[in-house]
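Engineer: I'd like to ask you about the structure that follows.
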Amino acid sequence: MRTIIRQGLLAGLISGIVLGLVLKWIQYRTGSLVYTLLLNIDFVPLLPPRLPEWLEFALHLVVALVLGVLFKWWITRWQHPWLAGLALGFASSLLFFPLTMLSDRVPAVQDWQAYMYWLSGHVLYGLVLGAAGALQMRK
């Protein structure tokens, strides 16, 4: 169980960092607020609507760590890390729609270009998870 947790945390950390950096780069290059959306905490009760970027990124990484452990647990039962990673990446990309409805400082829910950036980042996230899982299974 410790190995599952440790490997899941590592996979989640790496994939979460990659996702964050890619969306930050996309936002920088295009102006599409996909990185702002990733870090958005407007809807979290008991938190102020804005925190320092490093703290919002840390909260994003907490979610990525939890998903990494769930991913690792999943692939110990279903030995298809690439498919599991892509499924998790695609499923998490669907959060675009409810999250955009919760704030007025992120892309609009009907902004399909922003969703394509968001989807691309999350597919990459899933590929990184899949790669981490495949490497861990080879050991």
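The values are calculated or read from the model by the stated rules, or taken from the named source; none is laboratory data. Everything quoted here is computed from the prediction, not taken from an experiment. Every residue, glycine as well, gets a Cβ built from its backbone with ideal geometry; the counts of neighbours run over all protein chains shown. Accessible surface is based on the protein model in full, side chains and every heavy atom, while ligands, DNA and RNA are left aside. Shrake-Rupley method; radii C 1.70, N 1.55, O 1.52, S 1.80 Å.
Engineer: Which pairs turn up if I take residues in the range 27-52 that are closer than 15 Å to Val109 by Cβ and look for partners that are aromatic (Phe, Trp, Tyr) and modelled with pLDDT of 95 or more with beta carbon separation below 9 Å, at least 6 apart in sequence or on another chain?
Structural biologist: Qualifying pairs under 9 Å: Ser32/Tyr117; Ser32/Trp118; Val34/Phe96; Val34/Tyr115; Val34/Tyr117; Val34/Trp118; Leu37/Phe96; Leu37/Trp118.
Engineer: Among all residue pairs at least 6 apart or on different chains, which show Cβ distances below 7 Å where the first residue, located in the range 63-74, is farther than 17 Å from Ser93 by Cα and the second is of a type outside the set (A, V, I, L, M) and assigned to a helix (DSSP H, G or I)?
Structural biologist: Once the first residue is farther than 17 Å from Ser93 by Cα and sits in the range 63-74, its partners that are of a type outside the set (A, V, I, L, M) and assigned to a helix (DSSP H, G or I) give Val69/Gly8; Val69/Gly12; Lys72/Gln7; Lys72/Gly8; Lys72/Gly133; Trp73/Gly8.
Engineer: For the range 1-112, which fully contained helices (runs of 4 or more DSSP H) count at least 2 residues that are within 16 Å of Val128 (Cα to Cα) and of a type in the set (Gly, Ala, Ser)? I'd like the intermediate steps shown before the answer.
Structural biologist: Details: elements: 2-30, 34-39, 53-77, 81-93, 96-100.
Output list reads 2-30, 53-77, 81-93.
Engineer: Is it true that some residue in the range 107-116 is under 15 Å from the mean Cα position of the chain (by Cα) and within 26 Å of Arg6 (Cβ to Cβ)?
Structural biologist: No: the range 107-116 contains no residue that is under 15 Å from the mean Cα position of the chain (by Cα) and within 26 Å of Arg6 (Cβ to Cβ).
Engineer: Taking the range 61-110 as the region of interest, how many residues are more than 26 Å from Ala11 (Cα to Cα) and surrounded by 18 or more Cβ atoms within 10 Å (Cβ to Cβ)?
Structural biologist: Number satisfying all stated conditions: 3.
Engineer: For Leu127, all conditions in the list (1) open to solvent by 50 Å² or more (accessible area, probe 1.4 Å); (2) assigned to a helix (DSSP H, G or I); (3) closer than 27 Å to Asp42 by Cα hold save one; what is the number of the exception?
Structural biologist: (3)
Engineer: Of the residues Leu23, Leu9, which is of a type outside the set (Ser, Thr, Tyr), modelled with pLDDT of 95 or more, touching a Phe, Trp or Tyr at 6+ places or on another chain (Cβ under 6 Å) and under 29 Å from Trp73 (Cα atoms)? It would help to see each step written out before you state the result.
Structural biologist: Numbers: Leu9 fails: touching a Phe, Trp or Tyr at 6+ places or on another chain (Cβ under 6 Å).
So the residue among Leu23, Leu9 that is of a type outside the set (Ser, Thr, Tyr), modelled with pLDDT of 95 or more, touching a Phe, Trp or Tyr at 6+ places or on another chain (Cβ under 6 Å) and under 29 Å from Trp73 (Cα atoms) is Leu23.
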